[in-house]
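Novice: Let me give you the structure first, and then I'll get to my questions.
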Amino acid sequence: VQLQASGGGSVQAGGSLRLSCKASGLNFRLTDMKWYRQVPGKERELVASISTGGTASYADFVKDRFTISRDNVRRTVSLQMNELSPSDTALYYCYTRNRDRNWWGQGTLVTVSS
């Protein structure tokens, strides 16, 4: 299994970014997908999840600002992030569990300046 994340970058507060994660080596349409984030010195935290059926759930701190989506044809999960604030600055990781193992993308850095 490989998860290839992209789309991070630097943006000013109030701006938007879109992260993407392309999966390979698994039956993507049968796999739940998640986005996590981590700030140095803190634990990794769940940002958003999307089920195989497309049901999305979000952490309270991103509700109404972030949208997770999936494209089963392109085997990609995306995270649209709007109204970004400096507190959203972190490394963002896509994640899935498959074949009884946890799989992580390489992380993509999001930096939000005030």
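The values are calculated or read from the model by the stated rules, or taken from the named source; none is laboratory data. This structure is a prediction, so every number in the text was calculated from the model and none was measured. Every residue, glycine among them, receives a Cβ derived from its backbone with ideal geometry; neighbour counts consider all protein chains shown. With ligands, DNA and RNA removed, areas are computed over all heavy atoms of the protein, side chains included. Shrake-Rupley method; radii C 1.70, N 1.55, O 1.52, S 1.80 Å.
Novice: Residue 26: free of Cβ contacts under 8 Å to residues at least 60 places away in the same chain and within 17 Å of residue 103 (Cβ to Cβ), yes or no?
Specialist: Against the criterion (free of Cβ contacts under 8 Å to residues at least 60 places away in the same chain and within 17 Å of residue 103 (Cβ to Cβ)), residue 26 does not qualify.
Novice: Also, quick follow-up: Scan segment 92-106 for residues that are touching a residue at least 60 places away in the same chain (Cβ under 8 Å) and farther than 19 Å from residue 50 by Cβ and jot them down.
Specialist: Filtering segment 92-106 for residues touching a residue at least 60 places away in the same chain (Cβ under 8 Å) gives 92-99, 101, 103-106.
Result: 99, 101, 106.
Novice: Shifting gears a bit: Among the residues of segment 9-51, which ones are closer than 19 Å to residue 75 by Cα and not in a strand (DSSP E or B)? So that I can check it myself, show each step before the final result.
Specialist: So the first thing to find is which residues in segment 9-51 are closer than 19 Å to residue 75 by Cα, and the list is 18-36, 48-51.
Result: 25, 26, 27, 28, 29, 30, 31, 32, 51.
Novice: Also, quick follow-up: Please list, ordered by first then second residue, the pairs with beta carbon atoms under 7 Å, 6 or more apart or interchain, first in segment 49-75 and more than 19 Å from residue 90 (Cβ to Cβ) and basic (Lys, Arg), second open to solvent by 70 Å² or more (accessible area, probe 1.4 Å) and assigned to a strand (DSSP E or B).
Specialist: Pairs found: 75/22.
Novice: While we're here: Would you mention how many residues in segment 79-114 are part of a strand (DSSP E or B) and open to solvent by less than 20 Å² (accessible area, probe 1.4 Å)?
Specialist: As a first pass, look at segment 79-114 and keep what is part of a strand (DSSP E or B): 79-81, 90-98, 101-104, 108-113.
Next cut, open to solvent by less than 20 Å² (accessible area, probe 1.4 Å) only: 79, 81, 90, 92, 94, 96, 108, 110, 112.
So the answer is 9.
Novice: Restricted to segment 68-78, and to residues that are part of a strand (DSSP E or B) and in contact with a Lys or Arg (Cβ under 9 Å, 6 or more places away or on another chain), which residue is most open to solvent (accessible area, probe 1.4 Å)?
Specialist: 70
Novice: Shifting gears a bit: Just need a number here: residues in segment 4-52 that are buried (at least 19 other Cβ atoms within 10 Å of the Cβ), more than 15 Å from residue 109 (Cα to Cα) and among the hydrophobic types (A, V, I, L, M, F, W, C).
Specialist: 5
Novice: Can I ask one more? Looking at segment 54-67, is at least one residue at pLDDT 95 or above, under 10 Å from the mean Cα position of the chain (by Cα) and either open to solvent by 70 Å² or more (accessible area, probe 1.4 Å) or not acidic (Asp, Glu) (or both)?
Specialist: The answer is yes; a qualifying residue exists.
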